[in-house]
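The structure under discussion appears below in the form of structure tokens.
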Amino acid sequence: MKKKAWFTGMASLVLIMGVLAGCSGNGNSNAGSEASPSANATASSGDPIQLTMWGGVPPESGPQAVVDAWNAEHPDIQVEYVRFVNDDEGNLKLDTAMMTGQDVDLFVNYTISQASKRVEAGLALDLSKFSDYNIDEKMGPDAKSFLIDGKYYGVPTTKSPFFVALNKDALDAAGLEVPKEWTWDELREYAKQLKQDGGYGFIQHTEPYVDPIDSVLAKEGYTKADGTSNLDHPLVKKWLETLNAMMAEDKSTPPLGEQLTSKMPVEQEFLSGKAPMLNIGAWLLRSSNNFTDFPRDFKIAFAPVPRLTDNAADYVTRGGLGDYISINAKSKHQEAAWEFLKWYADGGMAPMAAGGRLPASKDADQDAALESLLGDKADTYDVDSLMYVMFNNPAPTYVRSLPQEVMDARAQEYEKYFLGTQSADDTIAAMVKRHNEYLEQNQ
């Protein structure tokens, strides 16, 4: 994980941007509102407006089909899709492109933390300047998780479930059910039973690695009543010790050090049948539908991410909405970008379902999206469990909103624990100390 490097680079770029803004004499953070008079007009030559959209999904997994469909219908506004890898380096590349004036008209934020940083840097347009699209009405109550200082600086466009993907053939052979609700202790037992021949029973992407903590603190609060850090909540230690025991005692999940140094391709490990359980988000489906690169001979089932708390009523799960698409505040074509964004959100994005991205708008054609999601591979999935985690899981959802600085600090500390250089108690004390320092600095 290189989050510290990302933040340091981002902070430097924000400083540069501030200097440039000062030199220009423009103190308005919503700089796009002062675009040149011809900013949103078709080029004087009669050429179409050219928009560039940056996103983290490979073009062949839906985005190219989306922009091809738009371009065929809108000869006056043409869109080019540019892919950036959704990791620290890729997000820094996007931020650098915007800050240095490269062509970026629309861009996808994959966490609210990323979006907030871009708002602070003056990179995301305040969408309240447009009055012809009601985000709350279109996307439902979960959209409010994406308000930043009471405003929308983007449109959340997808349903974003996270889940544990399961090799159903392996579960059936072991006599294990597909859970509709379970705890991390129960997942630990599954992992012990399912590991074979020195392999692992459970693996996970590093992106949702820390979700168990957030599933607790999104409900309980990241701070206590006195305003101090709540990262010493008892369930934080339970997560640390449970996962560490799976690494060191059970050997049912890879040690973090091994996963980081080997850059373990966890999707490939799962889809090849080597590991029967994978903690991941809906983006798995763009690989699991790809039998050319990821051939498999087993059926995939799906279970909710397990909970740390024993009481199901106390559990919230990561999910809700995602793919928060913003318009660059420096774009010369804000109105044209807005027209594309509305079209995209209300169903133009249907081809994205092939990669697990279902449209969130109530006006999107969900049948078309589901057809795109499953294609001709429906019989290779346990569809009932897929529909459950996508649509029917009653657990409330949260969107991770912890400031990036705090995410970076706690990641640096829990990595020390999983690498064996720091005890659980010292790890929690260090996370609390660094969180409290952040809170004091940002009062």
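The values are calculated or read from the model by the stated rules, or taken from the named source; none is laboratory data. Since the model is a prediction, treat every value here as computed from it, not as a measurement. Glycine also receives a Cβ, built like all others from the backbone with ideal geometry; neighbour counts cover every protein chain displayed. Surface areas here come from the heavy atoms of the whole protein model, side chains and all, with no ligands, DNA or RNA. Shrake-Rupley method; radii C 1.70, N 1.55, O 1.52, S 1.80 Å.
What's the ranking of 272-278, 323-329 by average number of surrounding C-beta atoms within 10 Å, highest first?
The most tightly packed comes first, giving 323-329, 272-278.
Mean separation of Cα pairs under 8 Å and 6+ residues apart, divided by the residue count of the chain: what relative contact order is that in percent?
The normalised contact order for the chain reaches 25 percent.
In the set (1) 69, 49, 37; (2) 68, 54, 38; (3) 68, 46, 34, which value of Cα extents along the principal axes in Å was calculated from the structure you see?
The value computed from this structure is option (2).
Build a GNM of the chain with springs between Cα atoms under 10 Å: which of LEU240, LEU147, LEU271 gets the top mean-square fluctuation?
For the chain, modelled as a Gaussian network with Cα springs under 10 Å, the answer is LEU147.
Return the carbon/sulfur percentage of the accessible area of the chain, one whole number, probe 1.4 Å, all protein chains in place.
Details: 9260 of 18870 Å².
Carbon plus sulfur share of accessible area: 49 percent.
If you average the alpha carbon positions of segment 324-340 and of segment 251-321, how far apart do those two centres end up, in angstrom?
Segment 324-340 and segment 251-321 have Cα centres spaced 34 Å from each other.
Multiply the residue separation of ASP384 and LYS251 by 0.36 nm, subtract the distance between their alpha-carbon atoms, and state the gained length in nm to one decimal.
Once the chain is fully extended between ASP384 and LYS251, it gains 44.8 nm.
For segment 148-191, which GluC sites (Glu not before Pro) are both in a DSSP coil and crowded by at most 15 other Cβ atoms within 10 Å?
GLU177, GLU181
Which angle from 0 to 90°, rounded to the nearest 10, does the C-alpha axis of helix 424-441 make with the longest principal axis of the chain?
So the inclination is approximately 20 degrees.
Once phi is turned into ³J(HN,Hα) by the Karplus curve 6.51 cos²θ - 1.76 cosθ + 1.60 with θ = phi - 60°, what whole-Hz value does each residue of segment 97-102 show in order, with x for glycine and proline?
So the J values, rounded to whole Hz, are 4, 5, 6, 9, x, 6.
Counting Lys +1, Arg +1, Asp -1, Glu -1, what net charge surrounds LYS180 among other residues with beta carbon under 13 Å of its beta carbon?
With Lys, Arg at +1 and Asp, Glu at -1, the neighbours total -4.
Obtain the nm distance between the two label points defined at ASP293 and GLU241 by a simple spin-label model: each point lies 7 Å from its Cα along the Cα-to-C-beta direction.
4.2
Can you compute the FRET efficiency between ALA368 and LYS263 using 1/(1 + (r/R0)^6), with r the Cβ-Cβ distance and R0 = 51 Å? Round to the nearest 0.05.
Approximately 0.90, to the nearest 0.05.
For the pair ASN134 and LEU439, what calculated FRET efficiency results from E = 1/(1 + (r/R0)^6), where r is the Cβ-Cβ distance and R0 = 60 Å, to the nearest 0.05?
Between LEU439 and ASN134 the formula returns 0.95.
Residue by residue, what Karplus-based ³J(HN,Hα) values in Hz, rounded to whole numbers, does segment 241-247 have, using 6.51, -1.76 and 1.60 with θ = phi - 60° and x for Gly and Pro?
In residue order, the calculated couplings are 6, 5, 5, 5, 5, 5, 6 Hz.
Send over the Kirkwood Rh of segment 235-368, from the inverse of the averaged 1/r over different Cα pairs, rounded to one decimal Å.
18.5
Around GLN102, with a cut-off of 14 angstrom between Cβ atoms, what is the net charge of the other residues, counting Lys and Arg +1 and Asp and Glu -1?
Within the 14 Å Cβ shell, the charges total -1.
Taking H as built 1.01 Å from N, whose amide H comes closer than 5 Å to the amide H of ILE148, not counting residues under 5 places away?
TYR153
What base-10 log of the normalised intensity I(q)/I(0) is obtained for segment 41-115 from the Debye formula, alpha carbons as equal point scatterers, at q = 0.15, 0.21, 0.27 Å⁻¹?
-0.57, -0.96, -1.23
Given charges of +1 on the Cβ of Lys and Arg and -1 on the Cβ of Asp and Glu, with all other atoms neutral, how large is the dipole of the chain about its Cα centre, in debye to the nearest 20?
Values: 40 positive and 64 negative charges, 159 e Å.
The calculation lands at about 760 debye.
Pairing the Cα long axis of helix 3-24 with the longest principal axis of the chain, what angle in degrees results, from 0 to 90 and rounded to the nearest 10?
The two axes meet at around 10 degrees.
Could you provide, to the nearest whole Å², the per residue accessible area of segment 43-156 with probe 1.4 Å?
I get 42 Å² per residue for this part.
If eta is 1.306 mPa s and T is 10 °C, what Stokes-Einstein diffusion coefficient results for segment 172-288, Kirkwood Rh from Cα pairs, in µm²/s?
Rounded, D is 102 µm²/s.
Using only the Cα atoms of segment 297-443, construct the convex hull and provide its projected area averaged over every direction, in square nanometres to one decimal.
Directional mean of the projected Cα hull area for segment 297-443 stands at 14.3 nm².
Please tell me the relative contact order of segment 50-197 in percent, rounded to the nearest whole number, where contacts are Cα pairs under 8 Å and at least six residues apart. Display every interim value, and only then the final one.
Values: 119 pairs, mean separation 25.6, N = 148.
Computed value for segment 50-197: 17 percent relative contact order.
Would you work out the Kirkwood radius for segment 112-230? I mean one over the mean of 1/r across all pairs of different Cα atoms, in Å.
18.3
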